[in-house]
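Working notes for the structure below.
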Amino acid sequence: MLRLEGTRIVLGVSAGIAAYKAIEVCRRLVDAGAHVAPVLTEDALRFVTKLSFDALASEPALVSLWDGPDPSPHTRLGQSADLVIVAPATARVLAKYAAGISDDLLTATLLATRAPVLVCPAMHTEMWEHPATQDNIATLRRRGVHVEGPDVGPLASGDFGAGRLVAPERIVDAAVRVVGIRGSAQDLDGVLVLVTAGGTREAIDPVRFIGNRSSGKQGYAIAHEATARGAVVTLVTTVDLPAPIAAKIVRVESAAEMQRACEAAAGAHDVIVMSAAVADFRPKQIADQKIKKGDDGGVPLVELERTPDILAALGAKKRSRQVIVGFAAETQDLVANAMAKLMKKQVDVIVANDVSAPGVGFEHDTNAVSILAGDGTRTDVALTDKRTIARAVLDEVVRMRSLH
Ligand code: CTP
């Protein structure tokens, strides 16, 4: 099944030099199975032609509220859309959308839809960083609009900075994320899943911390996959990555905050996936003030203490039929160490990765794991993207739930 099969997408194109990339976005959305209805602003036609979109999209591109046979094209487009994308979104279109001004077909469609909206800003750095634009983006985010980009890179006039439209493939990936993957097995329908993601930061003083290299990508992939399979997800996270629209996000920083959030939520969840990289040690004392270097060349001694083991605490309080998954980052004796962890922490599944292997684990987009279950089952997943790993982990969760 194609990634966007059966999805109706309005692709809004406003007047930026990056409008030429929207032609590629249109093509890729159609290739991914979406029905694409392009809506161009009048000024976008200064950069690209309507014909390019007519040729590639699923229906002819529209520009005006008034020209076509349909007396109300904005409501037809808005009401039938599963997703509205604006790429590129100029400072002007963002400002109009934030202010609720609907003086052309694109902005009228944005107001006439209840579908999720994804905007991909593109403009010069000064315009992007202007407080007016930043306020507008903050307003739109607060209303639930998804924002992808902009990237930092070379800009049209030879300048370099923030304001570059994100790559077409990223826009398609974001679209898939926002609408959720269609046609996934709904084998977690209504199941309450708690996922943790990212590495914790343990403060030394008000400006310094001890952290680790976890990106949180594996946890977010699990949250997205669980959502696509019908789960109701709570994501306790230390990082800001695009999350499933429906997920409840609990933002934390330290192991102690993560512990509080997990312990408060654990009892209400059917499945817990502890993919966060929780610090094992933290400074015993957090200095109230920034530690000064001083003139004597001395260095401070930071005494560490153990953090609470959140997973073990959740395992000890596990309620019947709950499935708990832990992760293990090993560099040797992978299976033996992971199985020992499973027993010690009283969890159902351990996802073990050999972090010494190339392309595996922290900071990578790929991972390779052995999924070990309490009943002795072992599933090896060779190096692949983190979404595929997430799928395998949740397959194992579904199997464990069926055994209860
Ligand atoms: N974990 C936790 N609380 C901690 C430390 C880890 O909940 N204070 C969780 C992690 O989220 C992960 C699993 O426990 O699911 C990892 O177990 P851990 O014993 O920390 O394994 P490693 O970090 O791999 O460490 P080591 O082998 O050094 O014990």
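The values are calculated or read from the model by the stated rules, or taken from the named source; none is laboratory data. Worth saying up front: this structure is predicted, and the values here are computed from it rather than measured. Note that we place each Cβ from the backbone using ideal geometry, even for glycine, and neighbour counts take in every protein chain shown.
For region 314-327, name all the residues that are within 10 Å of the ligand (Cβ to nearest atom) and either assigned to a helix (DSSP H, G or I) or surrounded by fewer than 22 Cβ atoms within 10 Å (Cβ to Cβ) (or both). Walk me through how you get there before you give the answer.
We begin by selecting, within region 314-327, every residue within 10 Å of the ligand (Cβ to nearest atom); these are 314-315, 324-327.
The answer is Leu314, Gly315.
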For Met339, the lone unmet condition from (1) over 30 Å from Gly149 (Cβ atoms); (2) in contact with a helix residue (DSSP H, G or I) (Cβ under 8 Å, 6 or more places away or on another chain); (3) buried (at least 16 other Cβ atoms within 10 Å of the Cβ) is (2)
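Out of Val347, Val381, Val325, which single residue is farther than 19 Å from Ala197 by Cα and under 29 Å from the mean Cα position of the chain (by Cα)?
Values: Val347 fails: farther than 19 Å from Ala197 by Cα; Val325 fails: farther than 19 Å from Ala197 by Cα.
Of the residues listed, the single one that is farther than 19 Å from Ala197 by Cα and under 29 Å from the mean Cα position of the chain (by Cα) is Val381.
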Only one of (1) part of a helix (DSSP H, G or I); (2) under 27 Å from Val355 (Cβ atoms) does not apply to Glu253, and that is (1)
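Against the condition touching a strand residue (DSSP E or B) at 6+ places or on another chain (Cβ under 9 Å) and under 20 Å from Leu110 (Cα atoms), how does Val25 come out, does it pass?
Values: touching a strand residue (DSSP E or B) at 6+ places or on another chain (Cβ under 9 Å): yes; under 20 Å from Leu110 (Cα atoms): yes.
The answer is yes for Val25.
Quick check on Ala223: is it touching a strand residue (DSSP E or B) at 6+ places or on another chain (Cβ under 7 Å), aliphatic (A, V, I, L, M) and at pLDDT below 95? Show your work before the answer.
Values: touching a strand residue (DSSP E or B) at 6+ places or on another chain (Cβ under 7 Å): yes; aliphatic (A, V, I, L, M): yes; at pLDDT below 95: yes.
Here the answer is yes, as Ala223 does meet what is asked.
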In region 38-49, anything out of contact with any helix residue (DSSP H, G or I) (no Cβ under 6 Å at 6 or more places or on another chain) and within 23 Å of Asp82 (Cα to Cα) is listed as Leu40
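Just to be sure, is Leu383 touching a Ser or Thr at 6+ places or on another chain (Cβ under 6 Å) and surrounded by fewer than 20 Cβ atoms within 10 Å (Cβ to Cβ)?
Numbers: touching a Ser or Thr at 6+ places or on another chain (Cβ under 6 Å): yes; surrounded by fewer than 20 Cβ atoms within 10 Å (Cβ to Cβ): yes.
Here the answer is yes, as Leu383 does meet what is asked.
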Turns out the helices (runs of 4 or more DSSP H) fully within region 11-82 with at least 3 residues that are aliphatic (A, V, I, L, M) are 19-31, 50-56
Pro154 vs (1) surrounded by fewer than 18 Cβ atoms within 10 Å (Cβ to Cβ); (2) out of contact with any Phe, Trp or Tyr (no Cβ under 8 Å at 6 or more places or on another chain); (3) on the phi < 0 side of the Ramachandran plot: all pass except (2)
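Can you name every residue in region 183-200 that is touching a residue at least 60 places away in the same chain (Cβ under 8 Å) and either over 18 Å from the mean Cα position of the chain (by Cα) or over 22 Å from Arg399 (Cα atoms) (or both)? Break it down stepwise before answering.
Of the residues in region 183-200, the ones touching a residue at least 60 places away in the same chain (Cβ under 8 Å) are 183, 187-188, 191-200.
If the condition is that a residue be touching a residue at least 60 places away in the same chain (Cβ under 8 Å) and either over 18 Å from the mean Cα position of the chain (by Cα) or over 22 Å from Arg399 (Cα atoms) (or both), then Gly183, Asp187, Leu188, Val191, Leu192, Ala197, Gly198, Gly199, Thr200 are the ones that fit.
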### Query
Going by the conditions given, is Ala223 of a type outside the set (Val, Ile, Thr) and closer than 20 Å to Arg3 by Cβ?
yes
Picking from Asp82, Asp43, Asp151, the residue that is over 30 Å from Ala247 (Cβ atoms), assigned by TED's automatic domain parsing to the domain that holds Ser14 and among the acidic types (Asp, Glu) would be Asp43
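Looking only at region 261-272, decide whether some residue is farther than 25 Å from Arg401 by Cα, within 16 Å of the ligand (Cβ to nearest atom), β-branched (Val, Ile, Thr) and modelled with pLDDT of 95 or more.
If we filter region 261-272 for residues that are farther than 25 Å from Arg401 by Cα, which is where we start, we get none.
No: zero hits.
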Of the residues in region 55-76, those that are of a type outside the set (Ser, Thr, Tyr) and closer than 23 Å to Tyr20 by Cβ number 8
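Out of region 262-284, which residues are under 22 Å from Ala231 (Cβ atoms) and outside any helix (DSSP H, G or I)? Let's see the steps before the verdict.
Going residue by residue through region 262-284, those that are under 22 Å from Ala231 (Cβ atoms) are 262-276.
Hits for region 262-284 are Gly267, Ala268, His269, Asp270, Val271, Ile272, Val273, Met274, Ser275, Ala276.
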Per the filter on region 228-249, residues within 15 Å of the chain's Cα centre (by Cα), under 26 Å from Leu342 (Cβ atoms) and more than 15 Å from the ligand (Cβ to nearest atom) are Val233, Thr234
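Among the residues of region 330-343, are any assigned to a strand (DSSP E or B) and more than 8 Å from the ligand (Cβ to nearest atom)? Quick ask: steps written out before the conclusion?
In the first step, residues of region 330-343 are kept if they are assigned to a strand (DSSP E or B); the result is 330.
Within this subset, residues satisfying the condition of being more than 8 Å from the ligand (Cβ to nearest atom) are none.
No, region 330-343 has no match at all.
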If we ask which residues in region 195-217 are over 18 Å from Asp280 (Cα atoms) and modelled with pLDDT under 95, their number turns out to be 1
Considering region 344-360, residues that are of a type outside the set (D, E, K, R) and within 22 Å of Val271 (Cα to Cα), and then whichever is farthest from the ligand (Cβ to nearest atom), we arrive at Gln346
Those residues of region 341-350 which are closer than 24 Å to Gly211 by Cβ and in contact with a Leu (Cβ under 8 Å, 6 or more places away or on another chain) amount to Lys345, Ile350
Contact list, first residue from region 302-313 and at pLDDT 95 or above and in a helix (DSSP H, G or I), second anywhere and polar (S, T, N, Q) and more than 7 Å from the ligand (Cβ to nearest atom), beta-carbon distance below 6 Å, six or more apart or interchain, is Ile310/Gln259
